[in-house]
Amino acid sequence: MRFLFKTDYEDDIRLFPHSGYVVSYGVLLALLLIAPYVLSSYLMSQLVFVCIYATVGVALLILTGFTGQASLGHAAFLAIGAYTAAYLQKYNVPFPVYFLAAGLLAGCIGALVGFPALRLTGIYLVIATISFALIVEEILARWESVTNGNEGMRVKTLSLLGVTVPRDSPTFYFLCLAVLVLTIVGTLNLLRSPTGRAFVAIRDSETAARSMGVNVALYKVKSFAISAAITGFAGVLFAHKLSFISPEMFTLQLSIEFIIVILIGGTFSLHGAVLGAIFIVMIDPFLTYLKDDMPGIIAGIVATFGAGTQGAANVQSKVAAFASLNGLKGAIYGIIIVLFVLFEPLGLYGRWLKIKLFFQLFPLYKRATFKRQKIYVKSERNR
Amino acid sequence: MSYFRAENLSLHFGGLKAVDAVSFAVEKGEILSIIGPNGAGKSSIFNLISRIYRPTSGRIFFEDRDITEQPPYDIARLGIARTFQNIELFENATVLSNLLVGRHRHSTTQLWQELLFLPSVRANEKVHRRRVEQVIEFLDLEPYRDKLISGLPYGVRKVIELARALCSEPKLILLDEPSSGLNVEETGDMSFWIRDMKNELGVTVLMVEHDMSLVNRVSDRVIALNYGRVLATGSPAEVQQHPDVVAAYLGA
């Protein structure tokens with residue numbers, strides 16, 4: 001175990017508390033940089049999605065994890081970013097301009113959503129953001145002169161400074177990675193300055209934040225705007241990666257996936273957004289694999305336990321029918337959320353911290369270390 | 001003119017007069033205690049000053065400025081900090097970041113500067129950090145700097161709340177029952193700190209308190225309240241001898 005002896009106030013401010021962090025993040029960055037030359041094109045494509053989902057995850061963490069304002073409408077902000085890019089592309093606007101425009105537009109709309117949200121908390125805010133997402137979805141389907149309605153829009157190949165960047169090229173991956181890294185660094189900067197602390201203050205006690213001089217309304221709107229803007233940036237990359245966008249891609253299902261990203265990753269640290277993004281992107285091929293192979297495997301097991309050929313085939317077709325049921329994926333997502341909320345509320349990153357601490361303290365680790373305490377009841381009167 | 005003044009302050013919830021035409025003044029550099037039985041309206045007065053409640057009528061002046069209509073977050077910016085009876089700390093943050101939120105009224109940096117963490121932000125952060133460290137030293141909080149609030153005992157939380165208020169470098173501090181839930185030793189420490197705050201930091205203190213020994217030890221003046229009305233004002237000894245106060249506590 002390493003003990004840090006702080007000798008300077010700088011020690012509390014710097015991003016990497018000690019050299020170990022520099023080494024491990026350096027190695028991670030190096031691995032990510034050589035990834036396109038090592039991994040298969042399928043895995044690279046998944047990695048790009050991880051970057052995009054993680055960017056949205058960080059955005060959602062700012063709003064939900066750190067400011068405490070739940071949102072189930074982030075698919076709408078992603079859609080606004082994606083459609084802004086696709087629309088401006090038709091007029092040959094260069095990439096940097098429509099990239100910024102998408103973030104700016106999503107940010108402004110995020111601020112507008114933030115204003116009515118000032119009076120709402122908890123479940124009511126969730127309902128408000130869901131209805132916002134539904135409104136945006138409907139607008140995308142109906143405003144045909146701009147969005148081409150349900151037929152969707154083609155997104156041309158990205159062209160950056162005169163060079164075309166195909167959606168499966170290493171350059172596109174590096175672009176997504178750069179956006180993710182810049183988002184994370186910007187967010188970390190925010191969290192170690194007054195604005196980030198004001199966000200956390202609002203999450204934990206609005207009354208106390210107010211009496212410490214935090215303009216709660218202003219900071220909630222700021223949080224909404226920042227979160228929406230980052231999601232808008234991610235939306236541009238999302239549109240380019242898919243090369244075709246239509247309203248049914250930005251449904252409530254996608255918003256729920258974003259919530260899963262942070263719930264499963266862990267809502268208290270930015271690591272959670274990345275871990276959750278890896279989880280959500282990788283679970284899809286895993287489920288497909290199960291769907292394709294499970295019936296055969298189960299039939300094999302049944303056969304070894306003495307069922308006849310006829311019986312095994314019967315079982316195989318029944319399992320296959322179950323695996324291809326409609327809505328099974330949604331049900332599995334639901335079960336995953338419930339299990340995580342019940343058994344690992346700190347998410348994958350919390351689990352990682354526990355494993356790390358277990359080895360650091362090896363024989364002395366106590367399970368109670370992470371037990372949540374609920375001793376003092378805060379006054380609800382002053383809300 | 002007084003430093004801080006409340007004039008005919010009233011707070012009515014329907015027919016219930018929680019605070020009823022209360023007037024009082026706090027002089028610069030004094031410690032004024034408000035005492036009274038449960039439900040006398042002591043905490044309501046604090047919530048009126050920090051604008052959690054809007055007064056039904058009456059005005060509040062601070063440094064000859066009418067602050068009755070100021071938004072709640074501006075009260076702290078003017079230099080009035082407060083603590084809460086039931087402790088309102090930021091549970092899932094470290095002690096250090098709790099105290100740094102206390103510095104919020106002194107932060108001058110813009111959002112875009114913070115996103116890039118420009119040298120100006122870094123310099124400001126160091127100033128905040130140094131100020132916080134002075135408060136930590138003043139209140140002996142060194143062992144808890146990097147601890148999460150959710151893991152700390154009640155007595156320490158009470159001190160951290162005081163520290164957070166002091167971090168904003170207030171001119172006037174409102175202490176809502178600083179000794180509630182503390183043991184005798186901790187209450188003793190608290191009384192020394194309250195005196196030191198006045199003598200060393202030059203903070204004016206307005207305090208609601210039930211513990212008469214603490215009130216006697218630190219207060220310059222005492223106001224006794226019952227049913228939202230002022231019963232008596234004066235030195236601690238005078239107020240405790242006052243027949244109305246005795247009647248209010250013991251029954252006539």
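Every test in (1) away from chain B (no Cβ under 13 Å); (2) buried (at least 24 other Cβ atoms within 10 Å of the Cβ) is passed by A:ILE226 save one, and that test is (1).
Of the residues making up segment B:214-237, those that are in a loop (DSSP other than H, G, I, E, B) and either at pLDDT below 90 or among the polar types (S, T, N, Q) (or both) are B:SER219, B:TYR227, B:GLY228, B:SER235. For segment B:104-124, the condition of being at the interface with another protein chain (Cβ under 9 Å from one of its Cβ atoms), within 18 Å of the chain's Cα centre (by Cα) and in a helix (DSSP H, G or I) holds for at least one residue.
Regarding A:VAL261, is this residue touching a residue at least 60 places away in the same chain (Cβ under 8 Å), assigned to a helix (DSSP H, G or I), out of contact with any Ser or Thr (no Cβ under 9 Å at 6 or more places or on another chain) and within 30 Å of B:ALA76 (Cα to Cα)? Judged against the criteria, A:VAL261 is not a match. With respect to A:LEU182, determine if the residue is within 16 Å of the chain's Cα centre (by Cα), free of Cβ contacts under 8 Å to residues at least 40 places away in the same chain and at the interface with another protein chain (Cβ under 10 Å from one of its Cβ atoms). Against the criterion (within 16 Å of the chain's Cα centre (by Cα), free of Cβ contacts under 8 Å to residues at least 40 places away in the same chain and at the interface with another protein chain (Cβ under 10 Å from one of its Cβ atoms)), A:LEU182 qualifies. Can you name every residue in segment B:128-143 that is more than 9 Å from chain A (Cβ to nearest Cβ) and over 22 Å from the mean Cα position of the chain (by Cα)? Listed by number, the residues that qualify are B:GLU142, B:PRO143.
Residues considered: A:ILE80, A:ILE62. Of these, the only one that is β-branched (Val, Ile, Thr) and under 28 Å from A:SER145 (Cβ atoms) is A:ILE80.
Can you give me the ranges of the helices (runs of 4 or more DSSP H) entirely in segment A:1-109 with at least 1 residues that are in contact (Cβ under 8 Å) with a residue 60 or more places away in the chain, in contact with a helix residue (DSSP H, G or I) (Cβ under 7 Å, 6 or more places away or on another chain) and buried (at least 20 other Cβ atoms within 10 Å of the Cβ)? Passing ranges, in order: A:19-38, A:41-60, A:74-89. When B:GLY14 is tested against (1) surrounded by fewer than 22 Cβ atoms within 10 Å (Cβ to Cβ); (2) out of contact with any Ser or Thr (no Cβ under 9 Å at 6 or more places or on another chain); (3) in contact (Cβ under 8 Å) with a residue 24 or more places away in the chain, exactly one condition is not met: (3). State all residues of segment B:140-151 that are of a type in the set (A, V, I, L, M) and buried (at least 17 other Cβ atoms within 10 Å of the Cβ); if no residue qualifies, say none. Matches in segment B:140-151: B:LEU141, B:ILE149. A search for C-beta distances below 9 Å between a residue of segment A:314-330 that is over 21 Å from A:ILE301 (Cβ atoms) and any residue that is among the β-branched types (Val, Ile, Thr) and in a helix (DSSP H, G or I), counting only pairs 6+ apart in sequence or on different chains, returns A:GLY330/A:ILE256. Among the residues examined, B:LEU182 does not qualify as in contact (Cβ under 8 Å) with a residue 12 or more places away in the chain and part of a helix (DSSP H, G or I).
The values are calculated or read from the model by the stated rules, or taken from the named source; none is laboratory data. Since the structure is predicted, the reported quantities are computational estimates derived from the model, not experimental observations. Glycine gets a Cβ as well: all are built from the backbone with ideal geometry, and neighbour counts include every protein chain shown.
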